[in-house]
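Asks: Questions regarding the structure given below will be posed in turn.
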Amino acid sequence: MYPEPARHAPYERAVEVHHPTPLPPAVPVSAPVVPVQPGTVPAVASIVLPDGRVVTGYALSPMQPEPVAAKPAVSRAAVNVALGGVGFLAACGGLLLLTTFITALTALITQLITLAAVIFGGWIAVQVFSASSHKGGTTVNIRKAVIKRNHFHG
């Protein structure tokens, strides 16, 4: 159905060589091309490069930055007043924090003194009330001594 492929040695194959076709050099335009602007279509400009080629395209106008609004000059006095205000506020804030810290420290010391008084007072109360429960040392009963003294033993 299909013909058998012919087997050829690599050197027997036909080699087809393609050579590029050189382009003719561009003809330089002797007179400069003046773009004509019709109603709404942008102008097409052509330029001639140093090697003689002509490049054609739309002309782009350079972007103009928007004008910067003139800033009013700030006087040195206004700057000094503003900086002085900022410094004054910082000093007031620092003093407020300092007084808050001192108040908190005073409250802490007061609470520690109260705690020490309660603990020390409790320890003293335990010592006083526990002395009558267990009798240590010499206890003299005055009534018995009086009775013994008035009673004659002979």
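Asks: If each residue of separation counts as 0.36 nm, what is the full-extension length gain between LEU96 and VAL128 once their alpha-carbon separation is subtracted?
Replies: Full extension of this stretch gives 6.7 nm more.
Asks: Given the convex hull of the Cα atoms of the range 72-113, what is a quarter of its surface area in nm²?
Replies: So the mean shadow area of the Cα hull is 2.9 nm².
Asks: Pulled fully out, how much extra length does the chain show between VAL55 and GLN111, if you take 0.36 nm times their separation in residues and subtract their Cα-Cα distance?
Replies: Stretched fully, the VAL55-GLN111 segment lengthens by 10.9 nm.
No value in this document is a laboratory result; all are computed from the given coordinates. Predicted, not measured: the structure shown is a model, and the values here were computed from it.
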